[in-house]
Amino acid sequence: MTTRTGKVTCDLSVSLDGFSAGLNQTEQRPFGEDGGDGWGDKLHAWYVEPRELHEVELGRMAKSKAFIMGRNMFGPVRGEWDRAWKGWWGDNPPYHADVFVLTHHAREPQLMDGGTTFHFVTEGIHAAMERAREAADGGDISIHGGASTVNQYLAAGLIDELRLHIVPITLGAGTRLFDGVPPLNLEQLESRPTDSVTHLVYRVVR
């Protein structure tokens, strides 16, 4: 197994009351009742602002050498893979690395343009982490979401650094960060407010 040198990180945009998505997610509204267009336009508005406003945060995210995400983040297909869904991001997803998708239903790897390959892991979060460590080859691994997947890795003690991007809206219900997670001891490393979002960085103390 590859020697561990990189960090396991998580970048997650959440509402002020801690939700990364609203209720009633569908293919037409993947973020559900998110206070906007259902595609996370308010939760992720900072992504499309001038890059120089968030240069540090975006640069950190780009350092990841492998990614892990839940099946719900990958797409709306449930149960067996009954169609050739390739993700929300078109033929050239923004990851440019190996992405390990947690699922209960096996599927062959999906090669995409730009160096992204989606791998479908049926053996659980620890198996996905082992494969991501091998793929990252000592680099950082991003637990990319959604919040339910992040919660599983937090509960298992497998995240080193939690980077939250707090958006000044409330959703009231939906998929919430920290649900089902035991108490954590966090060391705040950074806090940087902007007009549209507050960037927070925590080290998970073990």
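Among residues of the range 180-200 that are at negative phi, those with a Cβ under 6 angstrom from a residue that is at pLDDT 95 or above and of a type in the set (D, E), sequence gap 6+ or separate chain, pair up as H199/E57.
Scanning the range 165-178 for residues that are open to solvent by less than 20 Å² (accessible area, probe 1.4 Å) and not hydrophobic (A, V, I, L, M, F, W, C) yields a single hit, H165. Can you confirm whether R131 is basic (K, R) and modelled with pLDDT of 95 or more? Against the criterion (basic (K, R) and modelled with pLDDT of 95 or more), R131 qualifies. Sub-7 Å Cβ pairs linking a first residue in the range 67-85 that is touching a residue at least 40 places away in the same chain (Cβ under 8 Å) and polar (S, T, N, Q) to a second residue that is buried (at least 19 other Cβ atoms within 10 Å of the Cβ) and in a loop (DSSP other than H, G, I, E, B), at least 6 apart or interchain, are N72/G146, ordered by first then second residue.
The residues of the range 124-164 that are open to solvent by less than 10 Å² (accessible area, probe 1.4 Å) and at positive phi amount to a single one, G145. Restricting G6, G75 to those that are at pLDDT below 95, open to solvent by less than 30 Å² (accessible area, probe 1.4 Å) and more than 16 Å from the chain's Cα centre (by Cα) reduces the list to G6. Does at least one position in the range 163-174 carry a residue that is without any contact (Cβ under 8 Å) to a residue 40 or more places away in the chain and either aliphatic (A, V, I, L, M) or over 15 Å from T9 (Cα atoms) (or both)? No, the conditions are met nowhere in the range 163-174. Of the residues in the range 151-158, not one is farther than 29 Å from L189 by Cβ and either acidic (D, E) or at pLDDT 95 or above (or both).
Within the range 30-50, the set of residues being more than 18 Å from the chain's Cα centre (by Cα) and either in contact (Cβ under 8 Å) with a residue 24 or more places away in the chain or surrounded by 11 or more Cβ atoms within 10 Å (Cβ to Cβ) (or both) comprises E33, G35, G36, E49. Report whether or not A84 is exposed (fewer than 13 other Cβ atoms within 10 Å of the Cβ) and modelled with pLDDT under 95. Considered against the rule, which asks whether it is exposed (fewer than 13 other Cβ atoms within 10 Å of the Cβ) and modelled with pLDDT under 95, A84 comes out as yes.
Where strands (runs of 3 or more DSSP E) fall entirely within the range 102-168, those with at least 1 residues that are within 13 Å of I68 (Cβ to Cβ) are at 117-121, 141-145. Of everything listed in (1) of a type in the set (A, V, I, L, M, F, W, C); (2) part of a strand (DSSP E or B); (3) in contact (Cβ under 8 Å) with a residue 60 or more places away in the chain, the single unmet condition for V99 is (3).
The values are calculated or read from the model by the stated rules, or taken from the named source; none is laboratory data. A quick note: this is a predicted structure, and the numbers were derived from the prediction, not measured. Cβ coordinates were reconstructed from backbone atoms using ideal geometry, including for glycine residues, and neighbour counts include every protein chain displayed. Accessible surface is based on the protein model in full, side chains and every heavy atom, while ligands, DNA and RNA are left aside. Shrake-Rupley method; radii C 1.70, N 1.55, O 1.52, S 1.80 Å.
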